[in-house]
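Engineer: The following block contains the structure, expressed as structure tokens.
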Amino acid sequence: MDLNALRTAGIRVTDAPIHLDAYRRDLWPRDTLAMLVDNEKPSAPMAVASPTSPEQVATTVAFAAKRGIEIVPYGAGSGVCGAARGRASSLVVDLKRLNRIQSIDTRSRTVRVQAGILGQHLEDQLEQLGWMTAHSPSSISCSTVGGYIAARSAGQFSSRYGVFDEMTLAASAETPTGRLDCGLWTPHGEEDLLPILTGSEGGLGVVTELLLNIQPMPQTRWLRGFAFASLETAWEAMRKLMQANLWPSVLRLYDPIDTKISGKTKPTKSGKSNRVFSWMKATARKNPALQRQLLSIPLAMPGLLNKISQGLGDEVLLIVGFEGPSAVVHATVQAATPLLQSGRDLGAKPGEAWFANRHAVSYKLAPVFIAGAFADTMEVAATWERLPALYEAVRGALSKHTAVMAHFSHAYTEGCSIYFSFAGKQSLTTYDDAWRDALEAAHQAGGTVTHHHGVGPLKAAAAAKEAGAALRVWTEIKGKLDPDGLMNPGRPFPKNPEKCATTVLAPPSGGPVFEVSPTNLIARIDPQAKPETIQSVLSSQGFTLRFPPDRPIGEWLDKLERGAIPGVPLFALQARFSDGEAVRMCPAPRSAAGPDLRWGVLRRANIEWIEVPIRATGDEIIVSAGHTDLDARDVRPLWTSERAWAFSAEQGALAEACFVPSDTEKVPAIPPTAKI
């Protein structure tokens, strides 16, 4: 490949083997395992270009497109699913030199950044000014903002601040057919493709710039640990905290095995503790030569190890955290305390210890491989109703092949994610069998196959199966932006995914409210019905729409702008295309299984029903406190903050932060372009 055209344009480019070697792969554990077991390395690219501006990215993409060269966008290489895996004869576009903050607007609470900036560098610079994105993945020091949008990332504080989808207001990308501007930057009259660009893993173009929401640094942070007698009681506490509109920044629950292995609570009354695992770790630490032997015995019999682990007791640890303005945090903690009474208060130490070490997990896998085993993680998610079945199904599938433990984090009003950590003997067959069975188990249990790690070749087939007939939206848009299929082929979906058998989905009957889930706080409704009719039906059952629209919800969603509401307005839908093919999409709560295709389906098919968030009437909510520097946007829930702030201004200031009954009749309908 003649690279002089790129060099003449001032773009740094290399084809030296010593440099290409680093771009063979990301941090997919299977590649690490293959290198150790079979000395097998992914292919090296043909060359690596390192542009320093969006214009240079455009030149690079055009150069490759003209010559029919495959393009692999590359951030910091911290992905764990193989999305940035090496390709022979490809051109890698390394974005780490696009690392500038373009502008910060504290009035609108936005920051414009280039896609190659490392997450930690962005947070460090914002913190100097008293701001943050609040996006805090464990890989923050070795991952880029462009990687976050590519993989639909979620940070550790997503329960309060949302996943990266929700933080992103606009983005630009260079595609083989030209520049793509989306979100708030979408040209007038064009379809907003931000939901399709997000999660595309470089399959549409190279992301160059983003516009993100930012938040003020919290005045106060409150963290605490609680021991619960069982997962069931802890799940219920988590659900009640989220659905009481208290917006915790952290809800992190460790299952019994994870709780005992890590020694996160005191020994149970029976005197059982984590003696077995403490002995293994201590012995291996004293004599590294024994590491392989100590691991090989239990990992060769994962069923026995899992059984021993389950016998250590049922007690679990829940870490709870709140942050924000001091008055609001104080009031929130007061309201949360009764919901945590079924747990044993362990004080601040467990929460503060987690916070201090919250990014350390990214550096703990290498010793496991060195010791002769493999380790990996899998994150799935489901609604509260399906969460227990999802946990048992995936844990059971992994337990056949590996030792496994889990924690629950990234909780939302409608559900939660589960993060499994597992280890097995150093065998590619064991690794592949564990993942195959676990992905199928997640699908059968009604969960999404990935919550925030992305797809890559590891989950491509499973993500395509989850998308079903909605894949036609992806195929259409990719065909327009990348007609020759040069952008990271096979990401995030296989080039030729297996055609799923079309399930005959019966159109709904009745309405305008077809079903209400009090557990998940979701309602299945007719998208063409008048909002006041829907509200009347919901009110008779003690509920109201979380985001009441000013027109039929189907029309409202179609016109909804980024940032118009503080949350997720659409969870699931059933639709029928003009050729009769039906699709049902139920990715709640949140998903990273490729792009969010629901919005494309919404604009291309006849929508038969949708599921939207609701809340119980009579809930208690936080209103703004008597502090002149308290911004309404920091008071949750935001759908009432405008009214609360106006009330506060009329009175001069409220005496203290307090809780008042919600008055749903006075909550105004929300236009699709109103910024809240």
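The values are calculated or read from the model by the stated rules, or taken from the named source; none is laboratory data. This one's a predicted model, so the numbers in the text were calculated from it and none came from an experiment. Positions of Cβ are backbone-derived with ideal geometry, glycine not excepted, and every protein chain shown enters the neighbour counts.
Engineer: Could you grab me the full set of residues in the stretch 346-392 that are among the charged types (D, E, K, R) and over 15 Å from Val80 (Cα atoms)?
Structural biologist: Lys349, Glu352, Arg358, Glu385, Arg386, Glu392 - these are the residues of the stretch 346-392 that are among the charged types (D, E, K, R) and over 15 Å from Val80 (Cα atoms).
Engineer: A further question on this structure: Could you please let me know if Ala605 is buried (at least 24 other Cβ atoms within 10 Å of the Cβ), modelled with pLDDT of 95 or more and in contact with a strand residue (DSSP E or B) (Cβ under 6 Å, 6 or more places away or on another chain)?
Structural biologist: no
Engineer: Name the residue that is farthest from the chain's Cα centre (by Cα), counting only residues in the stretch 368-390 that are in a strand (DSSP E or B), of a type in the set (Val, Ile, Thr) and more than 14 Å from Glu414 (Cα to Cα).
Structural biologist: Thr377
Yes/no per residue for (1) at pLDDT below 95; (2) closer than 26 Å to Val568 by Cα; (3) among the hydroxyl-bearing types (Ser, Thr, Tyr):
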| residue | (1), (2), (3) |
| --- | --- |
| Trp474 | no, yes, no |
| Leu486 | no, no, no |
| Lys499 | yes, no, no |
| Pro508 | yes, yes, no |
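Engineer: Right, something else. Ile117 - would you say it is in contact with a Leu (Cβ under 9 Å, 6 or more places away or on another chain) and in contact (Cβ under 8 Å) with a residue 40 or more places away in the chain?
Structural biologist: No: the conditions fail for Ile117.
Engineer: Looking only at the stretch 359-398, which residues are among the aliphatic types (A, V, I, L, M) and modelled with pLDDT of 95 or more?
Structural biologist: Met378, Val380, Ala381, Ala382, Leu387, Ala389, Leu390, Ala393, Val394, Ala397, Leu398
Engineer: Let me ask something additional. Go through (1) touching a strand residue (DSSP E or B) at 6+ places or on another chain (Cβ under 7 Å); (2) at negative phi; (3) of a type outside the set (A, V, I, L, M, F, W, C) and name the single condition Arg109 misses.
Structural biologist: Condition not satisfied by Arg109: (2).
Engineer: Quick one: would you say Thr337 is closer than 19 Å to Val80 by Cα, polar (S, T, N, Q) and without any contact (Cβ under 8 Å) to a residue 40 or more places away in the chain?
Structural biologist: When the stated conditions are applied, Thr337 does not pass them.
One line per residue, one yes/no per condition, for (1) hydrophobic (A, V, I, L, M, F, W, C); (2) at pLDDT 95 or above; (3) on the phi < 0 side of the Ramachandran plot:
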| position | (1), (2), (3) |
| --- | --- |
| Glu532 | no, yes, yes |
| Ser540 | no, yes, yes |
| Asp550 | no, no, yes |
| Asp558 | no, no, yes |
| Arg562 | no, no, yes |
| Pro566 | no, no, yes |
| Phe577 | yes, yes, yes |
| Gly580 | no, no, no |
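For every residue, the table says whether it meets (1) small (Gly, Ala, Ser); (2) crowded, with 22+ Cβ neighbours inside 10 Å.
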position: Leu545; (1), (2): no, yes
position: Arg551; (1), (2): no, no
position: Ala564; (1), (2): yes, no
position: Pro569; (1), (2): no, no
position: Arg576; (1), (2): no, no
position: Gly580; (1), (2): yes, no
position: Cys586; (1), (2): no, no
position: Leu597; (1), (2): no, yes
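Engineer: Going residue by residue through the stretch 470-477, is there one that turns out to be more than 30 Å from Lys66 (Cα to Cα) and exposed (fewer than 15 other Cβ atoms within 10 Å of the Cβ)?
Structural biologist: no
Engineer: Could you identify the single residue in Trp222, Trp247 that is at pLDDT below 95 and not in a helix (DSSP H, G or I)?
Structural biologist: Every option except Trp247 fails the conditions.
Engineer: Write out, first by first residue and then by second, each pair whose Cβ atoms fall under 6 Å of each other, whose residues are 6+ apart or on separate chains, and whose first residue, in the stretch 36-59, is acidic (Asp, Glu) while the second is in a helix (DSSP H, G or I).
Structural biologist: The qualifying pairs are Glu40/Ala34.
Engineer: Would you confirm whether any residue within the stretch 487-499 is crowded, with 21+ Cβ neighbours inside 10 Å, charged (D, E, K, R), under 30 Å from Lys240 (Cβ atoms) and in contact (Cβ under 8 Å) with a residue 24 or more places away in the chain?
Structural biologist: There is no residue in the stretch 487-499 that is crowded, with 21+ Cβ neighbours inside 10 Å, charged (D, E, K, R), under 30 Å from Lys240 (Cβ atoms) and in contact (Cβ under 8 Å) with a residue 24 or more places away in the chain.
Engineer: Turning to a different aspect of this structure: Residues being hydrophobic (A, V, I, L, M, F, W, C), touching a strand residue (DSSP E or B) at 6+ places or on another chain (Cβ under 7 Å) and farther than 20 Å from His407 by Cβ: count how many of those fall in the stretch 151-194.
Structural biologist: Selection size over the stretch 151-194: 11.
Engineer: Also, I was wondering about something else. With the structure loaded, tell me whether Ala575 is assigned to a loop (DSSP other than H, G, I, E, B) and among the hydrophobic types (A, V, I, L, M, F, W, C) or whether it fails that test.
Structural biologist: For Ala575, the condition - assigned to a loop (DSSP other than H, G, I, E, B) and among the hydrophobic types (A, V, I, L, M, F, W, C) - is not met.
Engineer: Among the residues of the stretch 504-550, which ones are farther than 27 Å from Ala582 by Cα and in contact with a Lys or Arg (Cβ under 8 Å, 6 or more places away or on another chain)?
Structural biologist: Thr519, Phe543, Thr544, Arg546
Engineer: Same structure, new question: Return the residue satisfying two criteria in turn: it lies in the stretch 416-428 and is of a type outside the set (S, T, N, Q) and assigned to a strand (DSSP E or B), and of such residues it is farthest from Asp255 (Cα to Cα).
Structural biologist: Among those residues, the one meeting the criterion is Lys425.
Engineer: Would you mind telling me which numbered condition in (1) out of contact with any Leu (no Cβ under 9 Å at 6 or more places or on another chain); (2) outside any strand (DSSP E or B) Thr413 fails?
Structural biologist: Tallying (1) out of contact with any Leu (no Cβ under 9 Å at 6 or more places or on another chain); (2) outside any strand (DSSP E or B), Thr413 fails exactly one: (1).
Engineer: Another one. If a residue must be assigned to a loop (DSSP other than H, G, I, E, B) and basic (Lys, Arg), how many such residues does the stretch 21-40 contain?
Structural biologist: Within the stretch 21-40, residues that are assigned to a loop (DSSP other than H, G, I, E, B) and basic (Lys, Arg) number 2.
Engineer: Consider Gly10 against the criteria (1) part of a strand (DSSP E or B); (2) more than 31 Å from the chain's Cα centre (by Cα): it satisfies all of them except one. Which criterion is unmet?
Structural biologist: (1)
Engineer: Next question, about the same structure. Residues being among the basic types (Lys, Arg), over 16 Å from Gly554 (Cα atoms) and more than 18 Å from the chain's Cα centre (by Cα): count how many of those fall in the stretch 585-621.
Structural biologist: Residues that pass the stated criteria total 1.
Engineer: Just to be sure I understand the filter: pairs with C-beta atoms under 7 Å, separated by 6 or more residues or on different chains, first member in the stretch 92-113 and free of Cβ contacts under 8 Å to residues at least 24 places away in the same chain, second member acidic (Asp, Glu) and surrounded by fewer than 23 Cβ atoms within 10 Å (Cβ to Cβ). Which pairs pass?
Structural biologist: none
Engineer: In the stretch 364-410, what residues are touching a Lys or Arg at 6+ places or on another chain (Cβ under 8 Å) and closer than 17 Å to Ile522 by Cβ?
Structural biologist: Ala381, Trp384
Engineer: Taking the stated definitions as given, is Ile71 surrounded by fewer than 18 Cβ atoms within 10 Å (Cβ to Cβ), at pLDDT 95 or above and under 32 Å from the mean Cα position of the chain (by Cα)?
Structural biologist: Here the answer is no, as Ile71 does not meet what is asked.
Engineer: Could you tell me whether Ser89 is more than 29 Å from Thr14 (Cβ to Cβ), in the same structural domain as Thr175 (by TED's automatic domain parsing) and at pLDDT below 95?
Structural biologist: Judged against the criteria, Ser89 is not a match.
Engineer: Please go through the stretch 330-358 and give me each residue that is hydrophobic (A, V, I, L, M, F, W, C) and either closer than 18 Å to Tyr254 by Cα or at pLDDT 90 or above (or both), ordered by number.
Structural biologist: Val333, Ala336, Leu339, Leu340, Leu346, Ala348, Ala353, Trp354, Phe355, Ala356
Engineer: Scan the stretch 120-137 and report the pairs whose first residue is over 10 Å from Met217 (Cβ atoms) and in contact (Cβ under 8 Å) with a residue 60 or more places away in the chain and whose second residue is part of a strand (DSSP E or B) and not acidic (Asp, Glu), with Cβ atoms within less than 6 Å and a gap of 6+ or a chain change.
Structural biologist: Cβ pairs passing all conditions: Thr133/Leu212.
Engineer: Here is a further query. I want to confirm something. Restricting to the stretch 224-255 and keeping residues that are surrounded by fewer than 20 Cβ atoms within 10 Å (Cβ to Cβ) and hydrophobic (A, V, I, L, M, F, W, C), which single residue is farthest from Gln128 (Cα to Cα)?
Structural biologist: Once the filter is applied, the top-ranked residue is Ala229.
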